[in-house]
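Q: The structure's right below; bear with me while I get my questions together.
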Amino acid sequence: MNPKVYINGKLFDKADAKVSVFDHGLLYGDGVFEGIRVYEGKVFRLREHVDRLYDSARAIYLEIPLSREQMVEAVTSTVQANGKRNGYIRLIVTRGAGSLGLDVRKTTDPQVIIIVDDISLYP
């Protein structure tokens, strides 16, 4: 099965999932993420992970463009779209695209990205 990746409300095939090379998440690591597991079709401690994501975003003055409830729904629906009963979720929010330089006032459109797939742990 070809994994589906959620980006800002839409699902893309893995090969078609893209963000701007000017995204500050790529250029400067400017964003937040959570790694979450799925066991037997249930997302492990989803609300706690979402709360921590929002706390992390607040700490770096990053405004997430979804409410917490919308984020929970986005994660849940992405897991369902991928038919994943056991796996890994990488939930990412980047600052968005901007100019070269660290001025966050010149960034726009934070990117919400949800990847659901298998994970290969380091041996």
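Q: Rounded to the nearest 10 degrees, what's the angle between the helix 68-82 long axis and the longest principal axis of the chain, both from Cα atoms, 0 to 90?
A: 50
Q: Continuing with this model, one more query. Points 7 angstrom from Cα along the Cβ direction at SER56 and SER77: gap in nanometres?
A: Going by the 7 Å Cα→Cβ label model, 2.3 nm.
Q: Would you mind computing, in nm to one decimal, how far apart the modelled labels at ASN2 and GLN70 are, each placed 7 Å from Cα along Cα→Cβ?
A: Roughly 2.8 nm, to one decimal.
Q: Which lysines does LYS10 reach when only Cα atoms under 21 Å apart count, and residues fewer than 8 places away in its own chain are ignored?
A: Filter leaves LYS18, LYS84.
Q: Determine the gain in length on full extension of the stretch ARG37-GLU63; use 0.36 nm per residue of separation and subtract their C-alpha separation, reporting nm with one decimal.
A: Gain on extension, ARG37 to GLU63, equals 6.9 nm.
Q: Right, here's the next one. Using a 1.4 angstrom probe on heavy atoms only, work out the carbon and sulfur share of the accessible area of the chain in %.
A: Taking all protein chains in place, the chain shows 55 percent carbon and sulfur surface.
Q: Would you work out which of VAL104, LEU62, THR78 lies farthest towards the positive end of the dipole of the chain, given +1 charges on the beta-carbon of Lys and Arg and -1 on that of Asp and Glu, about the Cα centre?
A: Result: THR78, furthest along the dipole toward the positive end.
Q: Let me ask something additional. Looking at the stretch 53-115, which trypsin sites (Lys or Arg not before Pro) are in a loop (DSSP not H, G, I, E or B) and have at most 16 other Cβ atoms within 10 Å?
A: Qualifying residues, ordered by number: ARG85.
Q: Also: Assign one of three labels to the stretch 29-114, namely rounded, prolate or oblate, based on the Cα gyration tensor with a ≥ b ≥ c the square roots of its eigenvalues; rounded applies when a/c is under 1.5, prolate when it is not and a/b is larger than b/c, and oblate otherwise.
A: It comes out prolate by the Cα gyration axes.
Q: Let me ask another. How tilted is helix 46-59 with respect to the longest principal axis of the chain? Cα atoms for both, answer in degrees (0 to 90, nearest 10).
A: Helix 46-59 sits at roughly 10 degrees to that axis.
Q: Continuing with this model, one more query. Taking the Cα centre of the chain as origin, work out the dipole magnitude from +1 charges on Lys and Arg Cβ and -1 charges on Asp and Glu Cβ, in debye rounded to 20.
A: So the dipole magnitude of the chain works out to roughly 160 debye.
Q: Still on this structure, please answer the following. Using helices alone, I'd like the mean residue ellipticity at 222 nm for the chain: each DSSP H run of four-plus residues gives -39500 (n - 2.57), total over residue count, nearest 500.
A: Taken over the chain, the calculation gives -8500 deg cm²/dmol.
Q: Same structure, new question: Residues in the stretch 59-79, backbone N under 17 Å from the label point at ASP109 (7 Å along the Cα-to-beta-carbon vector): list them, ranges by number please.
A: Within reach of a label on ASP109, which here means backbone N under 17 Å from a point 7 Å along Cα→Cβ, the stretch 59-79 contributes 63-66.
Q: Given 0.36 nm per residue, what is the gain on full extension from ASP118 to GLU48 after removing their alpha carbon distance, in nm?
A: Length gained, ASP118 through GLU48: 23.1 nm.
Q: If you average the C-alpha positions of the stretch 106-120 and of the stretch 80-94 separately, how far apart do those two centres end up, in angstrom?
A: Centre-to-centre distance over Cα atoms comes out at 11 Å.
Q: Let me ask something additional. How much accessible area per residue does the chain have, in Å², with a 1.4 Å probe?
A: Per residue, the chain has an accessible area of 62 Å².
The values are calculated or read from the model by the stated rules, or taken from the named source; none is laboratory data. Remember, predicted model here, so these are calculated numbers, not experimental data. A quick note on method: Cβ atoms are made from the backbone with ideal geometry, for glycine too, and the neighbour counts reach across all protein chains shown. Keep in mind that these areas ignore ligands, DNA and RNA; they rest on the heavy atoms of the full protein, side chains included. Shrake-Rupley method; radii C 1.70, N 1.55, O 1.52, S 1.80 Å.
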